[in-house]
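Asks: Below is a structure I'd like to ask you about.
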Amino acid sequence: MASRTIDEDPALAHEHALAASRRAGRIAIVRETLGITAYATGDFALALRELRTYRRISGKEDQIALMVDSERGVGRPDRALETGRSVDRSALPIDVRVSLAIAMSGARLDQGETELALGELEIPELDPDRAFSWSPALFAARAAVLEDLGRNEEAEFWAQRAEVALEALGLDEDGDEELIVEDSLIEGESMEESPDEDLADAAAAQSADGDDVDGPSDADNHDADAAEAEAEAEAEAPAPGVSERDEIEQEVAELLGESDDDGEAAPTADLPGEGEKAAGDEGERA
């Protein structure tokens with residue numbers, strides 16, 4: 001619930017995180033969530049405490065940029081720089097490393113070190129011709145520092161790069177997919193139809209045209225099966241006017257060589273049993 005509500009209502013998200021922490025305070029993700037919601041509501045001291053606890057429990061540094069910003073939030077830019085320098089940046093994921101560079105640049109600005117703030121942003125990911133999910137923030141941060149330095153033309157260029165990258169990424173489903181940025185044109189790779197889609201399209205076309213390409217259709221097979229079943233049923237059906245019982249009696253009479261005067265089979269109830277038939281045979285021989 002904290003994740004679902006933090007964008008629209010950070011205070012409500014923070015209440016959910018607090019409720020979770022009262023029930024599962026030793027779970028790393030709970031403390032991480034509480035730190036993030038505290039940061040979103042401006043409670044930087046609580047955010048710093050919770051994010052430190054999260055790092056201690058999990059052993060991860062993926063919230064280091066938020067910790068640096070929280071130190072800035074409580075008015076300690078020097079501690080913010082120390083916190084940022086305490087980690088191995090090369091071991092961080094790219095998006096975390098970029099966020100940390102932006103946070104460190106902000107701490108430099110807090111101390112009035114504008115040139116050093118620009119230097120914090122001189123990282124390999126700063127490429128105006130390529131855009132990733134973290135690029136708009138990085139480009140915008142560089143534009144802000146350049147503006148503080150009075151280098152307005154360069155600032156305008158990077159601000160424009162940030163807008164173009166943001167617009168491109170807004171149209172792209174995969175946030176980490178690389179896009180080529182050329183002036184105001186963003187070119188991405190279009191997805192080709194998969195073989196499954198091609199087969200589906202071919203099947204749809206065949207169904208629409210009614211053409212039989214690979215063999216009889218399911219409908220044709222169904223009709224053939226129905227006709228065969230009907231023929232078998234007709235072959236097995238009794239002749240008109242003859243009931244099933246009469247047919248059985250007639251068949252039994254033919255096997256025994258017995259019938260009544262009218263040619264109809266004698267009723268099965270009048271047939272002698274095995275014992276009676278044997279006694280009759282003895283009498284004839286006597």
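Asks: Mind running the shape call on segment 1-149? Use the C-alpha gyration tensor, a ≥ b ≥ c as the square roots of the eigenvalues: rounded below 1.5 for a/c, prolate if a/b tops b/c, oblate otherwise.
Replies: Details: a/c = 1.84, a/b = 1.74, b/c = 1.05.
Since a/c reaches 1.5 and a/b is larger than b/c, the shape of segment 1-149 is classed as prolate.
Asks: Using amide H atoms built 1.01 Å from N in the peptide plane, name the residues 5+ places from Ala131, or on other chains, whose amide H lies under 5 Å from its own.
Replies: Under 5 Å from the amide H of Ala131 lie the amide H atoms of Leu179, Val181, each far enough along the sequence or on another chain.
Asks: Among the trypsin sites (Lys or Arg not before Pro) within segment 1-70, which fall in a DSSP loop and have no more than 15 other Cβ atoms within 10 Å of their own Cβ?
Replies: Answer by residue number: Arg26, Lys60.
Asks: Please state the shape class of segment 32-105: rounded when a/c is under 1.5, otherwise prolate if a/b exceeds b/c and oblate if not, all from the C-alpha gyration tensor.
Replies: In terms of gyration-tensor shape, oblate.
Asks: Right, here's the next one. Looking at segment 50-142, which GluC sites (Glu not before Pro) are DSSP coil and have at most 12 other C-beta atoms within 10 Å of their C-beta? Intermediate values should be presented prior to the final figure.
Replies: Details: sites: Glu50, Glu61, Glu71, Glu82, Glu113, Glu115, Glu120, Glu122, Glu125; in loops: Glu61, Glu113, Glu122, Glu125.
In loop regions of segment 50-142 (DSSP not H, G, I, E or B), the sparsely surrounded GluC sites (Glu not before Pro) are Glu122.
Asks: By the scheme Lys and Arg +1, Asp and Glu -1, what is the net charge of all other residues having a beta-carbon under 15 Å from that of Leu12?
Replies: -4
Asks: Ok, one more. Any idea how far apart Asp88 and Asp129 come out in nm if each label point goes 7 Å out from Cα toward Cβ?
Replies: 3.3 nm
Asks: Here's a follow-up. Roughly speaking, what is the stretch gain from Leu12 to Glu154, that is 0.36 nm per residue apart minus the C-alpha to C-alpha distance, in nm to one decimal?
Replies: Numbers: separation 142, 0.36 × 142 = 51.12 nm, distance 4.07 nm.
Contour length minus the Cα-Cα distance gives 47.1 nm.
Asks: Around Asp62, under 10 Å between beta carbons, what's the net of Lys plus Arg minus Asp minus Glu among the other residues? Walk me through the numbers before you get to the answer.
Replies: On the way: positive: Arg55, Lys60; negative: Glu32, Glu61, Asp95.
Residues close to Asp62 contribute a combined charge of -1.
All of the numbers you see were taken from the coordinates with simple rules; none came from a lab. Please read all numbers here as calculations on a predicted model, not as lab measurements. Here the Cβ is made from the backbone with ideal geometry for all residues, glycine too, and neighbour counts use every protein chain on show.
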